[in-house]
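The values are calculated or read from the model by the stated rules, or taken from the named source; none is laboratory data. What you are looking at is a predicted structure, and each value in this text was computed from that prediction instead of being measured. Cβ coordinates were reconstructed from backbone atoms using ideal geometry, including for glycine residues, and neighbour counts include every protein chain displayed. What goes into the accessible areas is simple: the full protein's heavy atoms, side chains included, and nothing from ligands, DNA or RNA. Shrake-Rupley method; radii C 1.70, N 1.55, O 1.52, S 1.80 Å.
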Amino acid sequence: MERGAGILMPVSALPCKYGIGGFGAPSFRFVDFLKKSGQRYWQILPLVQTGYGDSPYQTVCDYSLNPYFIDLETLFKKGLLTKRELEAQIDKSPKIDYGVLYEKRYEILRKAFSRFDVSSPSFTRFLRREEIKNYAVFMAIKGTYNCSLQDFPLELKRREKAALGAFEKDKKDEIRFWAFLQFELASEWKDVKKYAKKNGISIIGDLPLYVAADSVDVWVNPSLFEVNEDLAPVKIAGVPPDYFCADGQLWGNPVYKYSEHEKDDYLWWKNRVKRSLTVYDYVRIDHFRGLDRFWSVDAGAQNARGGEWVKANGYEILKDFIGGNVIVEDLGLIDDGVRELIEKLGFPNMKVLDFAFDGDFKNPYLPWNVPENCVYYTGTHDNDTALALIENADAGRLETIKKQVKNSLDYLEIYKDANGKYALCEEFCDIVYASRANLAMVPMHDLLLLNNDYRINEPGTVNNWVVRYRRRLFTDTLAELLKRKVKRFER
């Protein structure tokens, strides 16, 4: 990874008048802003179709794309929507309202599908792909019976050939509808990637460690997961208590049965990483420590305190990708095993300035302890914004922050006095930019000096992933300021 700078910005949060950000014009405009700002990287959250709770880390299909990201104006240009139908989708709510989206967006997408030529050769070929057929049939079953995988009719849950054949014949149009969504999404995302590449922007995608219990992945490959005969999780994923959550976190995802993965040399996992590297230019593996040891909790537990560590074999999974475009998220409770795995693989890992302010000169997130082979963030999608971190600090902690910011500026030979909360936020960005880290990555909310109204996610809580930005915030003045930083700090 060459030295450069980038912005963390979820596709869902992009400025768009139709209720949620998406592909097409919203993504093209942001690429234009990145180029104008001198950035070289755009980091996004998982693009997958979300399930209950709307988290991009809980998907109905690991290789899907989110139907909410379909660009309605693109459908209009293709003659699949009328102008009146398009205008009826305008939503000026300050936050993403997933309830409204669920009610209105699929209705309009079905109208678009009703005008789509399902006999086109390209769609016919797309529909023949086994993974697309599995996804489309799965979604059609969910819609028909209004239930999760664990409550599918038994013969469909077990994928009995005769039952699946009868269902596919009966629900042919419904299956085609779900395939159409992925067909359109794949086309639009291909255009976004092509446009980004043309403008010198590399896209960093995000690969969740786990898949959801209610997913195509568990349905098709149940032997690879700790589930019972009803495909319900027996053991679920999470993390023990840490600086994000005092009771730890229960994610609900079934953990992997690695004894089964080992039988074919981790082929499912390797194909998963390989596929992600075709969707994105770089892939960040979320919760990477779970590929050394993962926290396994009994299904039905009230919190994550009573779990246990179970060994994984991340090296065997990832050794084929050494030297490739992989980034690892090594936050949380990190031990020698994780450190050794990262060193053995050689992937760049993450450093987060928000975690640096404990008064310890040896803190690994301070700039003099940050190596070249890493991505240095002010904060991540799970953190307070920099402004909120400062505003919420008590007097003692605020004094520590100011002192360590000043020490960092002195170390980096940035001679300015960071007085005031907004000045401190700006210096967070300067510290990351001036560091030796190959990649400086700053969330959009920190560049705009915004408070926790723009925090993306608070682990262990609900009502997340709802941030929406307005186009008026993406000014030429901000672009010029960032471009000067890029030049000043040789990024």
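Here are a few things to note about the model shown:
- Taking the numbered list (1) crowded, with 19+ Cβ neighbours inside 10 Å; (2) touching a strand residue (DSSP E or B) at 6+ places or on another chain (Cβ under 6 Å); (3) over 22 Å from W42 (Cα atoms) in turn, Y280 passes all entries but (3).
- A count restricted to the stretch 177-224 and to residues that are of a type outside the set (S, T, Y) and in a loop (DSSP other than H, G, I, E, B) stands at 10.
- For the stretch 226-260, a residue qualifies if it is touching an Asp or Glu at 6+ places or on another chain (Cβ under 8 Å) and of a type outside the set (S, T, Y), and the qualifying residues are P233, V234, K235, I236, P241, F244, G248, P254, V255, K257.
- Matching option when the condition is small (G, A, S), touching a residue at least 24 places away in the same chain (Cβ under 8 Å), open to solvent by 40 Å² or more (accessible area, probe 1.4 Å) and closer than 27 Å to G205 by Cβ, among G79, G53: G53
- Test result for N451, surrounded by fewer than 19 Cβ atoms within 10 Å (Cβ to Cβ) and closer than 28 Å to P56 by Cβ: yes
- Beta carbons closer than 6 Å, at least 6 apart along the sequence or on distinct chains, pair a first residue in the stretch 142-171 that is farther than 17 Å from D217 by Cα with a second that is surrounded by 15 or more Cβ atoms within 10 Å (Cβ to Cβ) and not aromatic (F, W, Y) for E155/A163; A163/L156; K171/A140.
- Here the condition is being open to solvent by less than 10 Å² (accessible area, probe 1.4 Å) and more than 16 Å from the chain's Cα centre (by Cα); of L86, L72, L14, it holds for L72 alone.
- A Cβ distance below 7 Å, combined with a sequence gap of six or more or placement on separate chains, defines the contacts here; from the stretch 28-39, residues that are farther than 15 Å from V442 by Cα reach residues that are among the hydroxyl-bearing types (S, T, Y) and assigned to a helix (DSSP H, G or I) in the pairs F28/Y195; V31/Y195.
- For the stretch 319-352, filtering for residues that are open to solvent by less than 40 Å² (accessible area, probe 1.4 Å), under 26 Å from G379 (Cβ atoms) and under 20 Å from the mean Cα position of the chain (by Cα) leaves 13.
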